[in-house]
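The structure appears right after this line, and notes come after that.
The values are calculated or read from the model by the stated rules, or taken from the named source; none is laboratory data. Owing to the predicted nature of the structure, the values given are computational and were not obtained by experimental measurement. With ideal geometry, Cβ positions are generated from the backbone for all residues, glycine too; neighbour counts draw on all protein chains shown. For accessibility, only protein heavy atoms count, side chains too; no ligands or nucleic acids. Shrake-Rupley method; radii C 1.70, N 1.55, O 1.52, S 1.80 Å.
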Amino acid sequence: MHIHPYERRWIQFSIGMLIVFGLAIIVSNVFLGINIPGIANSAEPVISLEETEAIEPGVRELGPGRYEVHMTAQVWRFEPSEVRIPVGSTVTFYLYSKDIIHGFKIPNTTLSLMIIPGQVGKMTYTFTEPGEYPIICHEYCGAGHHNMSGTLIVEE
Ligand code: CUA
């Protein structure tokens, strides 16, 4: 079958782009640790409203450089709204919603997920850079959504 040279170029270019995009997914996943949110690493089995109410929000030290943060979300605040950890710490976040769907995002990290009522959001990250990191709700949750935020301070 005859294919016009110009069209052949476009076919080659299209296939090339598919390969580039495929490689971009593999590189971002394997080398940069960026994952497509899956039920496997974002949500643990169901938690009841009573259990959620009983959560004591706060930071817990598990060992040297290892922390757990249990954080609740409700209109329109996170609790605790301020978290302090030393630089180099590996932090596992457990996120619970007391009412509706909220978001949890710390820009310039791989931390980003939806906080779904009845589920426990779980993510781990190692903070190697000191500084102040904003914690933002990035799921629209009503009139006060834009004010729903917190701060994570990584201390030297
Ligand atoms: Cu909570 Cu938006």
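The test for being open to solvent by 90 Å² or more (accessible area, probe 1.4 Å) and modelled with pLDDT under 90 holds for F31.
Give me a count of the residues in region 60-83 that are more than 19 Å from C137 (Cα to Cα) and either within 16 Å of the ligand (Cβ to nearest atom) or open to solvent by 50 Å² or more (accessible area, probe 1.4 Å) (or both).
5
Test F78 against the stated conditions and say whether it is within 30 Å of V30 (Cβ to Cβ) and either acidic (D, E) or touching a residue at least 24 places away in the same chain (Cβ under 8 Å) (or both). It is false that F78 is within 30 Å of V30 (Cβ to Cβ) and either acidic (D, E) or touching a residue at least 24 places away in the same chain (Cβ under 8 Å) (or both). Each residue in region 51-68 was checked for being within 17 Å of I116 (Cα to Cα) and either in contact (Cβ under 8 Å) with a residue 12 or more places away in the chain or among the charged types (D, E, K, R) (or both), and 5 of them qualify.
Okay, residues lined up against (1) at pLDDT below 95; (2) over 17 Å from the mean Cα position of the chain (by Cα); (3) surrounded by 14 or more Cβ atoms within 10 Å (Cβ to Cβ):
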{"position": "V91", "(1), (2), (3)": "no, no, yes"}
{"position": "H102", "(1), (2), (3)": "no, no, yes"}
{"position": "K105", "(1), (2), (3)": "no, no, yes"}
{"position": "M114", "(1), (2), (3)": "yes, no, yes"}
{"position": "G118", "(1), (2), (3)": "yes, yes, yes"}
{"position": "T151", "(1), (2), (3)": "no, no, yes"}
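Scanning region 111-156 for residues that are in a loop (DSSP other than H, G, I, E, B), away from the ligand (no atom under 15 Å from the Cβ) and in contact (Cβ under 8 Å) with a residue 40 or more places away in the chain yields G118, Q119, F127, T128, E129, P130, E156. Within region 1-18, the set of residues being open to solvent by less than 100 Å² (accessible area, probe 1.4 Å) and assigned to a helix (DSSP H, G or I) comprises P5, I11, S14, I15, G16, M17.
There is no residue in region 45-52 that is open to solvent by 60 Å² or more (accessible area, probe 1.4 Å) and either of a type in the set (S, T, N, Q) or modelled with pLDDT of 95 or more (or both). The single condition from (1) touching a helix residue (DSSP H, G or I) at 6+ places or on another chain (Cβ under 9 Å); (2) surrounded by fewer than 16 Cβ atoms within 10 Å (Cβ to Cβ); (3) at pLDDT 95 or above that K122 fails is (3). For S48, are the conditions met, namely being in contact with a helix residue (DSSP H, G or I) (Cβ under 9 Å, 6 or more places away or on another chain) and closer than 17 Å to I115 by Cα? The answer is no for S48.
Among the residues here, N41 does not qualify as closer than 30 Å to I101 by Cβ, in a helix (DSSP H, G or I) and either among the hydrophobic types (A, V, I, L, M, F, W, C) or at pLDDT 85 or above (or both).
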